[in-house]
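The values are calculated or read from the model by the stated rules, or taken from the named source; none is laboratory data. It should be emphasised that the depicted structure is a prediction, and the values quoted were computed from it without experimental measurement. Every residue, glycine as well, gets a Cβ built from its backbone with ideal geometry; the counts of neighbours run over all protein chains shown.
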Amino acid sequence: MIQYYKNGQIANQYSLDNYGNIKSVKRFDRKGNKTLEYVTTEIDTNAKSLNEFLESQDHMSFKTYNTIYKCSNKLGAYYLYKEGQRINDKKNGVWTTYYENGAFYFCFRNSAITFD
C-alpha cells in the first residue's frame, strides 16, 4: 500500500502480510528522502483462549527493527541517525545513534558509550 503527497512524491510505503499486519514501513519527506524505515521481526500473542484472541488485540506483541534518517546540512544529504528495536512502539534494548561524521554511541537505559 502506498500513500502519496499532493506533489506526487511517495509519503508512506507499507507492506502487509496475509492477515493485514504491517510487515514493513518506509516513510519519505516531500522531496523523496527516506526518513524512517521499520521491519516487523516478530508478532506474538499471550492469549489464553481462541475467544480472547478473537475479541481484542490487547494480547498482541509486535517487535520491530527501526532505522531513522536525519538531514545533515553539512553533508547536504540524509544519513542514518538512529537504529534499534521497539516492542509495541516502545523503545527496547540498545539503540545506536550516529553523528554526521560517522561517530556513534550506544544508548543503554541511563548511560551511553561513544565511539569515534
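From the list 34, 23, pick out the single residue that is surrounded by 11 or more Cβ atoms within 10 Å (Cβ to Cβ) and under 25 Å from residue 100 (Cβ atoms).
Values: 23 fails: under 25 Å from residue 100 (Cβ atoms).
Among 34, 23, only 34 is surrounded by 11 or more Cβ atoms within 10 Å (Cβ to Cβ) and under 25 Å from residue 100 (Cβ atoms).
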The one condition in (1) in contact with a Phe, Trp or Tyr (Cβ under 8 Å, 6 or more places away or on another chain); (2) among the small types (Gly, Ala, Ser); (3) modelled with pLDDT of 85 or more; (4) surrounded by fewer than 15 Cβ atoms within 10 Å (Cβ to Cβ) that residue 103 fails to fulfil: (3)
Answer yes if at least one residue in the stretch 29-46 is over 27 Å from residue 1 (Cα atoms) and either within 12 Å of the chain's Cα centre (by Cα) or at pLDDT below 90 (or both), and no otherwise. yes
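For the stretch 1-51, which fully contained strands (runs of 3 or more DSSP E) count at least 2 residues that are more than 20 Å from residue 69 (Cβ to Cβ) and out of contact with any Cys (no Cβ under 6 Å at 6 or more places or on another chain)? I'd like the intermediate steps shown before the answer.
Working: elements: 2-4, 10-16, 22-28, 34-45.
Qualifying strands (runs of 3 or more DSSP E): 34-45.
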Residue in the stretch 33-54 that is at positive phi and out of contact with any strand residue (DSSP E or B) (no Cβ under 8 Å at 6 or more places or on another chain) present: no
Go through the residues of the stretch 25-42 one by one and say whether even a single one is in contact (Cβ under 8 Å) with a residue 40 or more places away in the chain and over 17 Å from residue 81 (Cβ atoms). yes
Looking at (1) in a strand (DSSP E or B); (2) at pLDDT below 85, can you tell me which one residue 74 breaks? (1)
